[in-house]
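The structure appears below as structure tokens.
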Amino acid sequence: MTDTFRPEADRDTAPAGLRAERVTRCADGRLILDGVGLAPRPGSTVGLLGPNGSGKSTLLRLLAGLLTPTAGIVTLDGTPLADLPRRTVARRLAVVEQQADTQVALTVLDVVRLGRVPHRRAFAPASADDERAVRDALARTGLTDRADQPWHTLSGGERQRVQIARALAQEPRELLLDEPTNHLDIRHQLALLTLVAGLPLTTVVALHDLNLAAMHCDRVVVLSGGRVVAAGPVGEVLTERLIADVYGVRAAVDREGAEGRPHVRFLGTVD
Amino acid sequence: MSPRGLALGAAGALALVLSLAAAVTVGPADIRVGDVWSVVAARLGLGTSDLTPVRDGIVWQLRLPRALLAAVCGAGLAVCGAVMQSLLRNPLADPFVLGVSSGASTGAVAVVVLGAGGGAVSLSAGAFVGALVSFALVLLLSHILGGTTDRVVLAGVAAMQLFSALTSFIVLTTADAETTRGVLFWLLGSLGGAGWTDVWLCAAVLAVTLAVCLAHARTLDAFAFGPDAAAALGVFVARTRLVLLCATALLTAALVSSAGAIGFVGLVLPHAARALAGSGHTRLLPAAGLAGAVFMVWADTLARTVLDPQEVPVGVVTSLIGVPAFVLVLYRTRGAR
């Protein structure tokens, strides 16, 4: 178990920000995560890769404090997440799910304002800070003109952008996204990840698409069977060998992406 | 609060006061709105009433408590419905989904028909105990079944069926025709026995529950995208759910034990209130309360006058008006889903 623990960032910056140490999670007697470590460098974008069932979503939920680890610990600036009040965590750390939907009739503005819930006390009206945070979040995501549009009239890509605006309204320093580009067309996938990678936040994003990860992430962590099998700068980690081992897919990896980033061509399954 | 919200609230409060005053004047004995004011003023020590003791009694002992209890019941059921629909993320949730009304029915029937409690326990007390027993069973069942919101609804439906069957069994095997009629009237909901004790008790429980729910208004907003999204926004989901379910169950139990199981108000009025005031709970909850109160005052006025001198159970009226109103509200908001 110890050999799979590979903190991602430099050890001297480790206590700042979000950090998972040797987290293990069992559910119904099945081991889903096995001694995983993750310490994203503040301000960086970390891609979480791995096939279905490798534990990406579970790791994100542990990092968000929505699940508690069976063993190991998740800390925020050195304090165990479990010792912090939920509201305090929600002011530091925001989550964007794969696909959010609601039966409630809400406008874009209503949804973005939900991001202020952890900042407001019961019965208190919205403060100037609340209004400013909501305005900034709308501006940053290019939604200012659409504040009054009903949620149910938005496309999948627009909905995800609204969810990111809601997350920004929380004014977090850490942003966790679980396959946010699922169900989006390619244009919206690129636009969304460009937006996310350009945010001045520590971002951990689970992704299926290796090329999207290669284009937008500073570093990647590859999970397989609940263990970290590789972690590091995207150019070092994404190799033909790793893709064959983890995904069971033959691929050709070249360096023809922007800034010499790797580009993956899939050739077929490994048989 | 926005100017539009304030205007809406003021209009609702005015409509409620006027409806109450109007409802008291309707009935076999001829009473004018002015008489109502003077009786109320006299009771509050703000003047004297020149009405005969009989007419004074009709206003103060019969019609006023009845109209007020109608308002409190309508407001309470609508607020409970609004909270439960948001909390359980189910547009069909209503105060009775937790099995409260069917448990209350069984409790009431057990007292009336079987003489449980040896005459020391009133029908209301029996209903209250039955309601709480049923709610406890639903909580226990939903906990055993996994504790998710859909499990709460399913456990509620199961409890509803169980207690309805028990009620029917007790009535059919032991009651005579006269008792059956009395029980049936209560099961369908009736404000006929309203007295000041009922009004004060229900109003107090309503005030406490409303305060608790309003304190959780923004927490309820956070449930729009589901319990996980709420948790990620800093909401302590399990605790919030338990607090609000218990508060609404207690209020429903108090209302049902005074007025019987009045159907449909808790289901329909929250939808109407959403169409008027939007989905934000800071505005939705007061709007649902006011709409429910006004609706119920008029429903009860109709119930006691339409077949005068005979009385129709108010639950029959709420459903007869409620179903077309429900269809209309859903039709007008069909694009929004």
Discussion item. What FRET efficiency comes out for A:D271 versus A:A27 if R0 is 41 angstrom and r is the Cβ-Cβ distance? Round to the nearest 0.05.
Written reply: 0.80
Worksheet item: By DSSP, what percent of the beta bridges with both residues in the protein assembly as shown are antiparallel, rounded to the nearest 5?
Response: 60 percent
Item to complete: May I ask you to evaluate 6.51 cos²θ - 1.76 cosθ + 1.60, the Karplus curve with θ = phi - 60°, for each residue of region A:72-78 and list the ³J(HN,Hα) values in order in whole Hz, giving x for glycine and proline?
Response: x, 8, 10, 10, 10, 6, x
Worksheet, complete the sentence: Between B:N90 and A:R255, the two model label points (7 Å from Cα along the beta-carbon direction) sit apart by a distance in nm of 6.0 nm
Worksheet item: Taking only C-alpha pairs under 8 Å that are 6+ residues apart, what is the relative contact order of chain B in percent?
Response: 27 percent
Worksheet item: Rounded to the nearest 20 Debye, what is the dipole magnitude of region B:172-312 about its Cα centre when Lys and Arg each give +1 and Asp and Glu each give -1 at the C-beta?
Response: 560 debye
Worksheet item: When the gyration tensor of region B:90-237 is built from Cα positions, what are the square roots of 5 times its three eigenvalues, in whole Å, from largest to smallest?
Response: 33, 20, 12
Discussion item. Based on alpha-carbon centroids, what's the gap between region A:211-271 and region B:186-212 in Å, whole number please?
Written reply: 66 Å
Response to the item:
Here the gain from full extension of B:A13 to B:T173, 0.36 nm per residue of separation minus their alpha-carbon distance, amounts to 52.9 nm
Worksheet item: How large is ³J(HN,Hα), in whole Hz, for each residue of region A:187-202 in order, when computed from phi with the Karplus curve 6.51 cos²θ - 1.76 cosθ + 1.60 and θ = phi - 60°, using x for Gly and Pro?
Response: 4, 5, 4, 5, 4, 5, 6, 4, 4, 5, 5, x, 6, x, 10, 7
Worksheet item: Based only on the alpha carbon positions, what is the Kirkwood hydrodynamic radius of region A:215-261, in angstrom?
Response: 11.3 Å
Worksheet entry | Cut-off under 5 Å, modelled amide H: who pairs with A:H263 long-range | A:D254, A:R255, A:E256, A:G257
Worksheet item: Which whole-number percent is the relative contact order of region A:2-269 (Cα, under 8 Å, 6+ apart)?
Response: 24 percent
Discussion item. Given the options B:G280, B:A247, B:L206, identify the residue whose Cα lies farthest towards the positive end of the charge dipole of region B:196-304 (+1 on Cβ of Lys, Arg; -1 on Cβ of Asp, Glu).
Written reply: B:G280
Worksheet item: Per-residue mean of other chain beta-carbon atoms within 10 angstrom of the beta-carbon, peptide A:66-72?
Response: 1
Worksheet item: Based on the inverse mean of 1/r over its pairs of different Cα atoms, what is the Kirkwood hydrodynamic radius of region B:3-336, in Å?
Response: 20.5 Å
Fill in: Packing-based ranking, highest mean first, of A:244-254, B:151-161 given that Cβ atoms within 10 Å are counted
B:151-161, A:244-254
Discussion item. Suppose only helical runs count, i.e. DSSP H with n ≥ 4. What mean residue ellipticity at 222 nm does that imply for chain A under -39500 (n - 2.57) per run, divided by all residues and rounded to the nearest 500 deg cm²/dmol?
Written reply: -8500 deg cm²/dmol
Worksheet entry | Calculated over region B:247-332: convex hull of Cα atoms, volume per residue (Å³) | 90 Å³
Item to complete: For peptide A:118-130, compute the average count of partner chain beta-carbon atoms within 10 Å of each residue's beta-carbon.
Response: 2
Worksheet, complete the sentence: Farthest towards the positive end of the dipole of the protein assembly as shown, among B:P227, B:L140, B:T106 and with Cβ unit charges of +1 on Lys and Arg and -1 on Asp and Glu, lies the Cα of B:P227
Worksheet item: What list of whole percents do you get for P(r) of region A:182-271, with Cα-Cα distances grouped in 10 Å bins up to the one holding the largest distance?
Response: 16, 48, 33, 4, 0
Response to the item:
The ³J(HN,Hα) series, computed from each phi in region B:104-111 with the Karplus coefficients 6.51, -1.76 and 1.60 at θ = phi - 60°, rounded to the nearest Hz and given as x for glycine or proline, is 4, 4, 4, x, 5, 5, 4, 5
Fill in: Averaged over B:220-227, number of beta-carbon atoms from partner chains that fall within 10 Å
5
Worksheet item: Using +1 on the beta carbon of Lys and Arg, -1 on that of Asp and Glu, and nothing else charged, what's the dipole of the protein assembly as shown about the Cα centre, debye to 20?
Response: 500 debye
Fill in: Antiparallel DSSP beta bridges within chain A, as percent of all bridges there, nearest 5
60 percent
Worksheet entry | Ellipticity estimate at 222 nm from DSSP helix runs (n ≥ 4, -39,500 (n - 2.57)) divided over chain B, nearest 500 | -25000 deg cm²/dmol
Fill in: Cα-based Rg of region B:26-164 normalised by 2.2 N^0.38 Å, two decimals
1.45
Worksheet item: Efficiency by 1/(1 + (r/R0)^6): what FRET value for A:D148 and A:R120, r their Cβ-Cβ distance, R0 = 35 Å, to the nearest 0.05?
Response: 0.95
Item to complete: Please give the peptides B:304-311, B:272-279, B:205-212 ranked by average Cβ packing (other Cβ atoms within 10 Å per residue), highest first, as a rough proxy for protection.
Response: B:272-279, B:205-212, B:304-311
Worksheet entry | Largest to smallest principal axis extent of the C-alpha atoms in the protein assembly as shown, angstrom | 98, 54, 41
Discussion item. Given the C-alpha atoms of region A:133-229, compute the convex hull and give its volume per residue in Å³.
Written reply: 112 Å³
Worksheet item: Which number do you get for Rg(Cα) / (2.2 N^0.38 Å) in region A:2-269?
Response: 1.01
Worksheet, complete the sentence: Using alpha carbon centers only, region A:89-150 is separated from region B:24-82 by a whole-angstrom value of 45 Å
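Only the coordinates and a few stated rules stand behind these numbers; no lab work does. Please read all numbers here as calculations on a predicted model, not as lab measurements. Glycine gets a Cβ as well: all are built from the backbone with ideal geometry, and neighbour counts include every protein chain shown.
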